[in-house]
Amino acid sequence: MRSEAGRLPQFSLSVQYASEAVSIPTRPQFRRWVAAALQHDANVALRIVDEDEGRMLNRDFRGKDYATNVLTFAYGEEEGVLAGDIVLCAPVVEREAREQGKDLRAHYAHLTVHGVLHMQGFDHETEAEAREMEALEVEILRRLRFNNPYSDPD
């Protein structure tokens, strides 16, 4: 995405593999997906974790005692550069993809885009916010040549 100034956002991306899962996307794949969703310059840390760490983070920071697919920690902006951490829980992502009949790589791409949008202030607490965020996700994923993640895969 282009920034408001009409240029491609600049960003740094640290990818941390802290999972035993074997089907995790590569750094270049994650980099491409993050770049597609960014509208602002940013420093992003993307951490792929197993269920124990995912559950602990969700419990400690959101008060929910289960592992969730993606968590976003947005730290705000300094001198025009956003900062944030995105945590993907590999076992949850894999389970959801299998249960929903989705391609695993496409599901990782969707959740990465979803996390990056959260980092930039998008949310889905209200119906209007959800419609806006989902439409943006669908458009970004379409440009990345992935199907609409909200449509039935059959």
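The values are calculated or read from the model by the stated rules, or taken from the named source; none is laboratory data. As the structure is a prediction and not an experimental result, all values here were calculated from the model. Cβ: placed from backbone, ideal geometry, glycine included. Neighbour counts: every protein chain shown.
Looking at 88, 82, which one is of a type in the set (A, V, I, L, M, F, W, C), assigned to a strand (DSSP E or B) and under 15 Å from residue 149 (Cβ atoms)?
88
Say whether the condition of being modelled with pLDDT under 95 and either within 13 Å of the chain's Cα centre (by Cα) or surrounded by fewer than 18 Cβ atoms within 10 Å (Cβ to Cβ) (or both) is met by at least one residue in the stretch 82-96.
Within the stretch 82-96 (the criterion being modelled with pLDDT under 95 and either within 13 Å of the chain's Cα centre (by Cα) or surrounded by fewer than 18 Cβ atoms within 10 Å (Cβ to Cβ) (or both)), the answer is no, since none of the residues qualifies.
Return the residues of the stretch 116-149 that are part of a helix (DSSP H, G or I) and in contact (Cβ under 8 Å) with a residue 12 or more places away in the chain; say none if nothing qualifies.
If the condition is that a residue be part of a helix (DSSP H, G or I) and in contact (Cβ under 8 Å) with a residue 12 or more places away in the chain, then 116, 117, 118, 119, 133, 134, 136, 137, 138, 140, 141, 143 are the ones that fit.
Could you check, for the stretch 29-52, whether at least one of its residues is touching a helix residue (DSSP H, G or I) at 6+ places or on another chain (Cβ under 8 Å) and free of Cβ contacts under 8 Å to residues at least 40 places away in the same chain?
Scanning the stretch 29-52 turns up no residue that is touching a helix residue (DSSP H, G or I) at 6+ places or on another chain (Cβ under 8 Å) and free of Cβ contacts under 8 Å to residues at least 40 places away in the same chain.
For residues that are touching a residue at least 40 places away in the same chain (Cβ under 8 Å) and not in a loop (DSSP other than H, G, I, E, B), scanning just the stretch 97-106, find the one that is surrounded by the fewest Cβ atoms within 10 Å (Cβ to Cβ).
Ranking the qualifying residues of the stretch 97-106, first place goes to 100.
Report, by residue number, each residue of the stretch 61-88 that is touching a Gly at 6+ places or on another chain (Cβ under 9 Å) and more than 23 Å from residue 11 (Cα to Cα).
Residues satisfying the conditions are 66, 67, 68, 69.
Of (1) within 8 Å of the chain's Cα centre (by Cα); (2) surrounded by fewer than 15 Cβ atoms within 10 Å (Cβ to Cβ), residue 125 satisfies all except one. Which?
All conditions are met except number (1).
Before we move on, is residue 71 modelled with pLDDT of 95 or more, of a type outside the set (Gly, Ala, Ser) and in a strand (DSSP E or B)?
It is true that residue 71 is modelled with pLDDT of 95 or more, of a type outside the set (Gly, Ala, Ser) and in a strand (DSSP E or B).
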